[in-house]
Amino acid sequence: MVEPDSREARTGPVTTDSVIDAVGPRLRAQRTRRNQTLAQLAAETGISVSTLSRLESGQRKPTLELLLPLARAHRVPLDDLVGAPETGDPLVHLKPERHHGMTVVPLTRRAGGIRSFKQLIPPHWPGGAPTPNTHEGWEWMYVLSGRLRLVLGDHDLVLGPGEVAEFDTHTPHWFANESDEAAEVLCLYGPQGERAHVRARPTTK
């Protein structure tokens, strides 16, 4: 194991080679996550199918010229493709997580109080009929892109970009992405009794 305080070990040829070797599988995983073919990615980035295939298999060394358009196409930071070392600042280096088929990016690190997340919800997720549930807390959901179906009590809503829902999670609720495109949603979640405060207009002086 490389010691974190050893600069020489971090930058030596073995570590560099291992980072480069890991780029191909990362690229393949990102493309697979988006359910995209090599031909589709080639059309989006302008990089040939053969070059993309060799990058993913490790037969072609990755360069900045190739990785930048791929990072833009996959909508991820360049660090995610090359496995850059952590900065030590959790506000800068955020770790996406997978939960029940969704990609969830925690935006806060504290254990208590209101927490924030960004959720990337794949098309036609989760499938099947609504199965509302209840739990302790208060939730606030803001759609950044795509469309989100929200079943909330007796209401069945479809939220688009810029629309928000705020609700007590004791109310039976369920959400889904029934469209052909991924949805990106910003979520705030707080314990019962701790909720976001929405100001509709500036305070009059």
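The values are calculated or read from the model by the stated rules, or taken from the named source; none is laboratory data. Computed from a predicted structure; not experimentally measured. Note: ideal-geometry Cβ built from the backbone for every residue, glycine included; neighbour counts use all protein chains shown.
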- When only residues in segment 120-149 that are surrounded by fewer than 14 Cβ atoms within 10 Å (Cβ to Cβ) and modelled with pLDDT under 90 count, which is farthest from residue 32 (Cα to Cα)? 136
- Message: Is it the case, given these coordinates, that residue 26 is surrounded by fewer than 16 Cβ atoms within 10 Å (Cβ to Cβ), of a type in the set (Lys, Arg) and either in contact with a strand residue (DSSP E or B) (Cβ under 9 Å, 6 or more places away or on another chain) or at pLDDT below 90 (or both)?
- Response: no
- Message: Taking the condition of being closer than 8 Å to residue 24 by Cβ and loosely packed, with under 14 Cβ neighbours inside 10 Å, how many residues in segment 54-71 meet it?
- Response: 1
- Message: Where the second residue is modelled with pLDDT of 90 or more and surrounded by 11 or more Cβ atoms within 10 Å (Cβ to Cβ) and the first is assigned to a loop (DSSP other than H, G, I, E, B) and lies in segment 55-69, which pairs have Cβ atoms under 7 Å and are six or more apart or on separate chains?
- Response: 60/51; 60/54; 62/55
- Qualifying positions in segment 131-180 - assigned to a strand (DSSP E or B), of a type in the set (Val, Ile, Thr) and over 18 Å from the mean Cα position of the chain (by Cα): 151, 158, 164
- Looking at (1) part of a helix (DSSP H, G or I); (2) under 25 Å from residue 125 (Cα atoms); (3) modelled with pLDDT under 85, find the lone condition where residue 31 falls short. (3)
